[in-house]
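The values are calculated or read from the model by the stated rules, or taken from the named source; none is laboratory data. Bear in mind the structure is a predicted one, so any value in this text is a computation, not a measurement. Note: ideal-geometry Cβ built from the backbone for every residue, glycine included; neighbour counts use all protein chains shown.
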Amino acid sequence: MLHMARRGTPAPPPPPDFEENIIDVDVSEEMRGSFLEYAYSVIYQRALPDARDGMKPVQRRILYSMNEMGLRPDRGHVKCARVVGEVMGKLHPHGDSAIYDAMVRLAQPWSMRMPLVDGHGNFGSLGGDDMPAAMRYTEARLSREAMLMVTSIDEDTVDFRPNYDGQETEPDVLPAAFPNLLVNGASGIAVGMATNMAPHNLGEVVAAARHLIDHPDATLDDLMRFVPGPDLPTGGKIVGLDGIRDAYASGRGTFRTRATTHIENVTPRRKGIVVTELPYAVGPERVKAKIKELVNAKKLNGIADLKDLTDRNVGLRLVIEIKNGFNPEAVLQDLYRLTPMQETFGINNVALVDGQPRTLGLRELLQVYIDHRIDVVRRRSAHRRRKREDRLHLVEGLLVALLNIDEVIQVIRQSDDSAQAKQRLMQIFELSDIQAQYILDTPLRRLTRYDRLELEKEKEQLTREIAALTAILESETKLRRLVSKELGEVAKEFATPRRTALLEDNGQAKAAAVPLEVADDPVRVLLSATGLLAQTAGHGPLPAEGARAPHDVLLSVVATTARSQVGVVTSAGRMIRVDVLDLPALPPVASPPSLAGGAPVTEYVDLEPGETVVGLGALEESGGGLALGTAQGVVKRVVPDFPANRDEFEVIGLKDGDRVVGAVQLTGEDQHLVFITSDAQLLHYTASTVRPQGRAAGGVAGVKLSADARVIWFGALEPGREARVVTVAGSSTALPGTQTGAIKIADFAEFPAKGRATGGVRSHRFLKGEDSLILAWAGPTPVKAAADNGRAIALDYELGRRDGSGEKLPQAIAFLGGPLGPSIDAAEAAGAAAEEAAELGGSVD
C-alpha cells in the first residue's frame, strides 16, 4: 500500500462491515501505568529477596524444582540444562540465561557463605574473571544445606500459588530451616531501589536468633554480642566497625574489606607481599590488572614482580615481589589505598516483608525470620497432628473389626455388594464411612492376632504423638522452644568457624606511617663459615655466648649501612660487590635466631671451580683498610679506591699457584695481623708495618715459610683483648673434615710478636701420625666449632702450652671461629660487657 501511495494509487476502501473504534488515551497516564506495572514486576518478581527465606523468585523456583526432580545430595548429578529447562518450562517464564546465572551463583563457594547447589564442572571464578561453562557441560544437585530450605515443604508449611499459566503450583516462600538471607546475603537492582546484603556466619546468626526467641525484648547491643559483623565467604579482613553497627541499626551502612596478606622472603634476595585472601567479590585478575596499570603509570613504586601462584591445592596465592630498598609495609599501604585489595562494601538491607519492600536492621531481619519459622513449625505440627488423627481413626476402626472379626465376615458375606457391606458395617458397628471402606480394603492376612497387637501398639504411639503435637500447638512457649531447638541442631551440624577477621579502625588506608624507601640505617653484614650471608641492624656488639645459636661460626663481619654495598673477597683475589639490601635481614640482636636465616653466598657470587669465599670487605675507606693473606705467605693491605663502575675487580696480584686464605677488614692500624702455617708456626705483628698498596700490587712478604709449608689461616686481632689460638693437627694426606686429629687451645698472650717476614714461633707439637695442621684459628673467646653440616661441636678443653701437643678429638671438625667475628671493635664489646654486668649487679675483669 505504501508503494501504491507513492505512485499516486489510492488505498482500497475498508470492508462494508468495518466499524471504527478509536479510544483516546492520555499518553502520560499510559506511561505512568505501564511503568508502575513494570516496576512492580521487577521489584516483586525478580530483584528483591523475601525477608523470610532470603530467596528471589528465580532462586526459590530453582531449589523447588530440583527438589521435585529428586536431585538430592544422595543422588547423582544431572546436567544443569535439565534443571534450567524444568524451571523455565513450568515456573519461570524468562530467559534461560537468567535462570542459569542464578543457579551458578547458588553453587559458587566464594559468592555464598553456604552454597545451596552442589555443582560439578566449571562454575566460574572468584570475582567473575572467568565465565562459567555452558549449562550443557555442567552438572548439579542440591547441597546438604539446600535441603534445609525445602525440608517439610510437603507438610502444608507454606502457601502455594498458581504458576504463570495456571497449570502448575509453586510455593510463595520456602520453609527455610536456617536464616538464609543473613547467612548468604543478597544483591539486586530493582526500579528505584536496590539491595546489597553481606553474608554472615551461620553459628553466630543462629545464636542471635535463639537469643531473640528467648528474650523478645533484646536490644541491638545484645544481638551484636552474637553477630559482631559479617563473615565473608572469601575471608579477608573488615576494618572499621562503626559502619557495621549503623547498618545493623538502620539497615544502611558501609565498611571496608581488606585482603589478608603477610610479608615473607619470596627469594633469597627479596621480600614479598603474599596475598592469601581477597575482599568479597574481588578476583585476582582485577587486582593484577590494577597493579600493572599503576606500575606502568608510575603511580605505584617499589614493586619488582607480580606472580599468581594460585592452584587448587594451596588456594589463592598472589606474590608481589618488592624491590630492594623499599619497605614492604609502606608498599602494602599503597596497595590498600590504590588497588582493589581494599574495597568499600555498602550495606543496604532492602527485602520484601508482607509484599512490601522495607529497609531492615539486624533485629528486624531476625524477627521476620523467627516469625516465619514459628508459623512454619506451627503449620507443620498441625499437619502432622491431622495426619496422625486420620491414621488413628483408621486404626480404631480396624481394631473394632478385629475384635468382632466373625461378625464382620458374616456381614460382608451376607451383603449383595460392597456398597451394601459398607452401609451395614457402619450401622452395626457404628463406624464412619472412611473406617468401613478401610476395613473392606484391608486384606484378610492383616486380620491376624499379631496384627491386632501391632495396631494396639500403633494406637498408643499415635495417641502420644497427637498429645505432644497438641501441647506444642496450644503453648506458644513450647512452640518457640521447639523452633530454638531446631535452629540449634542446624548450627551444630552445619556451622563453620569464622573466616573474616574484624578490626577496629577508621577504615581508611592512609599514607604509610613508615617511609616508602628503606632508610640508610647502620647494619652489620655477617658471613658464616658455612657460607651464609645475612644482615642485622645496628653497629653495637653482637650478642654474647648463648644469645646466638651454637652453630653460628662467623667467618667475617663488616659494619656498613642498609643502602650501601660490601665486597665479597674470594680465594682467587677477586672482590665482588653485593648490595646489602639484597641480603636477608635477621631480627634485632636483642633476640636473634641462628644465622641459618641467611642465604648461601652462591646466590650472590658466581665462583669458579675450586674458588671459595674467604671474607668480606668494606668498599669505602674505613679504619686500616682491607688486609689479605695468601697461602704462600704474602700479606697485603689495601686502602679502598675501588672502581665504582665495576661489579667485580682484583684486589691482589697473585703469583702462580698462590691463593688468598684470609681477608679481614681492619678497624685500625694497631691491630695485629696473624699467620698460622701448616707446620705449626704462628706469626703476628702490627698492621702498621705493612704499607698500603694499590689494587694491582702483589703484596709483600708476610711470613717466612719452610719447605713444603703453607699458610692455613690469616686474620687480625685487637691488641690487649683476651684471645685464644686453636690448632688441630693431623695427617697432611687426609681431607679436611674427615679426620678427628688432635686439638689444642692456647692463650694468644703466650705468643710473642715478631717482625714481618720472619718465621714466628711454634704453636703446636706434633705427635706420632701427625705432620701438619689441618685447621687453625685465632680470635676472641669463646671459641666456636662446627661440623661440615654446621652442627655445633663443644670445645671443653683446658688451655695448653704454646708449644705443647693436643688432645684427641672425638669427632671431625670442619669450621673454627668465634661468635663475634674478627672485625668487631674491642672497645664496643668491652663497653657492652660492662653495661650487661652493671645490669646484673656484677663486674667485668
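Going by the structure shown, is A786 in contact with a strand residue (DSSP E or B) (Cβ under 9 Å, 6 or more places away or on another chain), modelled with pLDDT under 90 and either in the same structural domain as L532 (by TED's automatic domain parsing) or among the charged types (D, E, K, R) (or both)? Yes: the conditions hold for A786.
Take the residues of the stretch 301-332 that are among the small types (G, A, S) and surrounded by fewer than 19 Cβ atoms within 10 Å (Cβ to Cβ): which is nearest to D579 (Cα to Cα)? Among those residues, the one meeting the criterion is G325. Looking only at residues of the stretch 476-496 that are under 30 Å from G235 (Cβ atoms), touching a residue at least 40 places away in the same chain (Cβ under 8 Å) and out of contact with any Leu (no Cβ under 9 Å at 6 or more places or on another chain), we find that the one that is surrounded by the fewest Cβ atoms within 10 Å (Cβ to Cβ) is G488.
In the stretch 441-472, of all residues being surrounded by fewer than 16 Cβ atoms within 10 Å (Cβ to Cβ) and hydrophobic (A, V, I, L, M, F, W, C), the one that is nearest to M426 (Cα to Cα) corresponds to L444. Residues that are surrounded by fewer than 14 Cβ atoms within 10 Å (Cβ to Cβ), within 33 Å of the chain's Cα centre (by Cα) and not assigned by TED's automatic domain parsing to the domain that holds P279 do not occur anywhere in the stretch 152-163. Answer yes or no: is there a residue in the stretch 790-813 that is surrounded by fewer than 20 Cβ atoms within 10 Å (Cβ to Cβ), farther than 15 Å from A529 by Cβ and under 46 Å from the mean Cα position of the chain (by Cα). Looking for residues that are surrounded by fewer than 20 Cβ atoms within 10 Å (Cβ to Cβ), farther than 15 Å from A529 by Cβ and under 46 Å from the mean Cα position of the chain (by Cα), one finds at least one in the stretch 790-813, hence yes.
Please determine whether any residue of the stretch 380-400 is at pLDDT 95 or above and under 30 Å from V350 (Cβ atoms). The answer is yes; a qualifying residue exists. Condition (residue is under 16 Å from A176 (Cα atoms), among the small types (G, A, S) and in contact (Cβ under 8 Å) with a residue 12 or more places away in the chain) applied to the stretch 55-71: is it met by at least one residue? Among the residues of the stretch 55-71, at least one is under 16 Å from A176 (Cα atoms), among the small types (G, A, S) and in contact (Cβ under 8 Å) with a residue 12 or more places away in the chain, which makes the answer yes. The residues listed here are E389, E407; of these, the one that is touching a helix residue (DSSP H, G or I) at 6+ places or on another chain (Cβ under 7 Å), under 22 Å from D451 (Cβ atoms) and acidic (D, E) is E389. Within the stretch 390-425, track down each residue that is hydrophobic (A, V, I, L, M, F, W, C) and within 60 Å of the chain's Cα centre (by Cα). Once the filter is applied, which keeps residues that are hydrophobic (A, V, I, L, M, F, W, C) and within 60 Å of the chain's Cα centre (by Cα), the stretch 390-425 yields only L392. Would you confirm whether or not the stretch 343-352 contains a residue that is out of contact with any Pro (no Cβ under 8 Å at 6 or more places or on another chain), over 30 Å from A194 (Cα atoms) and surrounded by 14 or more Cβ atoms within 10 Å (Cβ to Cβ)? No - not one qualifying residue is present in the stretch 343-352. If you check V275 against the conditions, is it under 16 Å from the mean Cα position of the chain (by Cα) and more than 22 Å from S187 (Cα to Cα)? Criteria met by V275.
Close contacts from the stretch 393-410, counting a first residue that is surrounded by fewer than 16 Cβ atoms within 10 Å (Cβ to Cβ) and a second that is outside any helix (DSSP H, G or I) and at pLDDT below 90, with Cβ to Cβ under 7 Å and a gap of 6+ residues or different chains, come to I405/L447. Entry remark, the stretch 233-245: residues being over 20 Å from N184 (Cα atoms) and outside any loop (DSSP other than H, G, I, E, B) number 2 in total. Filtering G629, G623, G662 for residues that are assigned to a loop (DSSP other than H, G, I, E, B) and either closer than 21 Å to P752 by Cα or not charged (D, E, K, R) (or both) leaves a single hit, G623. Contact map, the stretch 172-186: first residue on the phi < 0 side of the Ramachandran plot, second residue in a strand (DSSP E or B) and of a type in the set (A, V, I, L, M), Cβ cut-off under 8 Å, separation 6 or more or different chains; pairs are L181/M197; L181/A351; L182/M197; A186/M197; A186/A351. Residues that are crowded, with 21+ Cβ neighbours inside 10 Å, in contact with a Gly (Cβ under 7 Å, 6 or more places away or on another chain) and over 28 Å from H383 (Cα atoms) are absent from the stretch 208-219 altogether.
In the set L682, L654, only one residue is in a strand (DSSP E or B) and of a type in the set (A, V, I, L, M); that residue is L682. No other residue among R245, R258 is over 30 Å from T602 (Cβ atoms) and free of Cβ contacts under 8 Å to residues at least 60 places away in the same chain apart from R245. Within this structure, R363 passes the test of being buried (at least 17 other Cβ atoms within 10 Å of the Cβ) and under 30 Å from D214 (Cβ atoms).
When I774 is tested against the conditions (1) more than 18 Å from A723 (Cβ to Cβ); (2) under 59 Å from the mean Cα position of the chain (by Cα); (3) at pLDDT below 85, the lone failure is (3). Listed by position, the strands (runs of 3 or more DSSP E) inside the stretch 267-381 whose residues that are more than 30 Å from E204 (Cα to Cα) number at least 2 are 271-277, 303-308, 318-322. When restricted to residues that are surrounded by 10 or more Cβ atoms within 10 Å (Cβ to Cβ), among the hydroxyl-bearing types (S, T, Y) and modelled with pLDDT of 75 or more, the stretch 1-41 contains 0. Taking the listed residues K290, K298, the one that is surrounded by fewer than 14 Cβ atoms within 10 Å (Cβ to Cβ) and assigned by TED's automatic domain parsing to the domain that holds V274 is K298, with no other qualifying.
Would the stretch 604-622 turn up any residue that is under 17 Å from V557 (Cα atoms), in the same structural domain as G567 (by TED's automatic domain parsing) and among the charged types (D, E, K, R)? Yes. Of all residues in the stretch 361-388, those satisfying the criterion of being over 38 Å from the mean Cα position of the chain (by Cα) and of a type in the set (D, E) are D371, D375.
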